[in-house]
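A short worksheet on the structure shown next.
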Amino acid sequence: MTLPGSPHLAYRGPQLFVEGRSLNGLASEFGTPLYVYSKAAMLDALAAYQRALSGRDHLVCYAVKANSNLAVLQVFAQAGCGFDIVSSGELHRVLAAGGKPEKVVFSGIGKTRAEMRHALEVGVLCFNVESESELEVLSGVATELGRVARVSLRVNPDVDAGTHPYISTGLKGNKFGIAHERAVATYRRAAGLSGLEVVGIDCHIGSQITDTTPYLDALDRVLDLVEAVEAQGVPIHHLDLGGGLGITYTDEVPPSAEVLVRQLLARIDGRGHGHRKVVFEPGRSLVGNAGVLVTEVLYLKPGEQKNFCIVDAAMNDLARPAMYEAYMGIVPCARRDMPATRLDVVGPVCESGDWLGRDRDLAVVPGDHVAVLSAGAYGMSMASNYNSRGRAAEVLVSGEQAWLVREREDASALFKGEHLIT
Ligand code: LLP
């Protein structure tokens with residue numbers, strides 16, 4: 001059986017392996033629920049971007065929100081990656097993992113003054129600014145500190161990325177970016193404010209995009225703006241085309257990063273913009289298929305309308321199914337020679353929305369482990385303590401080696417910082 005996404009996840013006989021380690025072995029060693037990541041899968045995914053970009057002034061800024069574990073950031077930092085952050089917390093993580101501030105772009109529509117100060121003090125590469133009021137506040141903070149904030153404006157190209165409405169960001173009705181019609185005037189304003197230096201333009205149209213067309217449409221709209229802005233005497237050095245490339249969860253067939261980037265570069269060159277630095281902010285496509293969530297089958301509960309497979313991972317560990325009705329593959333960590341049953345795979349949380357997979361055919365018995373696939377992105381980074389469940393442990397595998405890169409939360413971690421009243 002081939003599994004979506006990564007050659008580093010495969011059955012050897014009945015046992016499912018991530019690189020050189022069996023998931024059942026890791027589950028016995030570290031317990032469940034357990035996130036397991038393949039270092040090789042992450043580096044392969046990055047290499048696809050780097051191959052297409054070689055020989056060109058570029059920066060791949062890994063979108064930290066997809067998976068912010070320090071060891072994951074460390075792997076990317078060591079591979080020369082930059083980072084796309086959306087909070088001071090993410091900046092702290094990047095620096096703790098050995099990332100370089102001069103390779104960090106700071107995105108997000110609601111940066112606070114304190115976050116701006118932090119980013120200016122450490123010297124990030126660029127702020128992706130999303131509104132005129134943000135520009136004014138940033139100018140004030142930078143001037144007060146006696147620093148210069150390099151800025152890109154995130155423009156809203158008004159294209160439909162054809163993805164889930166919650167993760168689509170490039171349409172007019174979205175809260176993101178500066179409207180296309182306002183962009184030139186806003187660039188003029190930026191160029192006139194103290195403490196700011198305009199360096200680039202930025203767009204990000206959504207996530208889990210499986211087609212190159214919306215990217216090319218957005219790029220055309222962005223290049224139109226670059227030409228209009230430069231005609232006003234404001235030079236633009238870099239083009240940041242955001243993240244958003246989709247992965248295979250089930251039967252999606254997204255373009256490879258290499259194909260996408262090559263097509264975008266060809267359009268950039270074709271329109272005479274080949275001298276500009278290009279920046280990408282991929283998250284999901286670098287880590288999504290590099291991770292699985294291993295969980296233990298606690299009970300099988302046959303029902304009149306549905307059979308339930310109750311596992312020890314829940315919506316607090318992996319929110320994507322509950323939140324977006326997202327499909328995530330679920331497979332046994334060791335295959336059994338017995339007929340499969342159609343089941344809903346659900347967690348212990350007291351909500352009917354707490355499911356990980358519906359109508360799945362699985363041959364499992366209590367005590368078995370199953371792996372939720374493609375869980376490397378927006379899995380652990382969206383986990384919560386709902387139902388006072390400690391968050392899962394995380395393990396990073398490289399070949400035969402496995403490091404515990406985040407400890408399982410115990411009771412003391414659960415109410416750290418809370419106080420009884422006197
Ligand atoms: N840049 C910006 C400005 C973003 O807002 C995002 C993601 C990215 C880059 C990275 O996008 P990616 O390459 O990962 O698609 N929780 C949702 C996805 C939310 C994406 C938010 N922004 C999910 O689980 O599907």
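The values are calculated or read from the model by the stated rules, or taken from the named source; none is laboratory data. Everything quoted here is computed from the prediction, not taken from an experiment. With ideal geometry, Cβ positions are generated from the backbone for all residues, glycine too; neighbour counts draw on all protein chains shown. The protein model used for the area step is the full one, side chains on, heavy atoms only, and it has no ligands, DNA or RNA in it. Shrake-Rupley method; radii C 1.70, N 1.55, O 1.52, S 1.80 Å.
General observations
- Residue list for the stretch 199-211, filter: open to solvent by less than 20 Å² (accessible area, probe 1.4 Å) and either within 8 Å of the ligand (Cβ to nearest atom) or more than 15 Å from the chain's Cα centre (by Cα) (or both): 199, 200, 201, 202, 203, 206, 207, 209
- Spans of helices (runs of 4 or more DSSP H) in the stretch 236-333 with at least 2 residues farther than 22 Å from residue 75 by Cβ and in contact (Cβ under 8 Å) with a residue 24 or more places away in the chain: 257-270, 320-324
- The stretch 135-153, residues that are of a type in the set (D, E, K, R) and under 12 Å from residue 199 (Cα atoms): 150
- The residues of the stretch 387-422 that are under 22 Å from the mean Cα position of the chain (by Cα) and within 20 Å of residue 355 (Cβ to Cβ), listed by number, are 391, 392.
- The residue of the stretch 50-86 that is nearest to residue 39 (Cα to Cα), among those that are within 15 Å of the ligand (Cβ to nearest atom) and open to solvent by 30 Å² or more (accessible area, probe 1.4 Å), is 65.
- Members of the stretch 110-139 found to be among the β-branched types (Val, Ile, Thr) and either touching a strand residue (DSSP E or B) at 6+ places or on another chain (Cβ under 9 Å) or buried (at least 22 other Cβ atoms within 10 Å of the Cβ) (or both), listed by number: 122, 124, 129
- The set of residues from the stretch 334-364 being outside any strand (DSSP E or B), more than 16 Å from the ligand (Cβ to nearest atom) and not acidic (Asp, Glu) comprises 335, 336, 338, 339, 340, 347, 348, 349, 350, 352, 363, 364.
- Selection within the stretch 270-311 - assigned by TED's automatic domain parsing to the domain that holds residue 241 and more than 29 Å from the chain's Cα centre (by Cα): 270, 271, 272
- Flag for residue 315 being buried (at least 21 other Cβ atoms within 10 Å of the Cβ) and over 30 Å from residue 224 (Cα atoms): yes
- If you go through the stretch 231-251 and keep only what is more than 23 Å from residue 201 (Cβ to Cβ) and either of a type in the set (Gly, Ala, Ser) or surrounded by 15 or more Cβ atoms within 10 Å (Cβ to Cβ) (or both), you end up with 246, 247, 248, 249.
- Residue in the stretch 171-194 that is in contact with a Cys (Cβ under 7 Å, 6 or more places away or on another chain) and more than 13 Å from the ligand (Cβ to nearest atom) present: no
- Scanning the stretch 5-18 for residues that are at pLDDT 95 or above and surrounded by 20 or more Cβ atoms within 10 Å (Cβ to Cβ) yields 8, 9, 16, 17, 18.
- Scanning the stretch 41-55 for residues being in contact (Cβ under 8 Å) with a residue 60 or more places away in the chain and either outside any helix (DSSP H, G or I) or touching an Asp or Glu at 6+ places or on another chain (Cβ under 6 Å) (or both) gives a total of 3.
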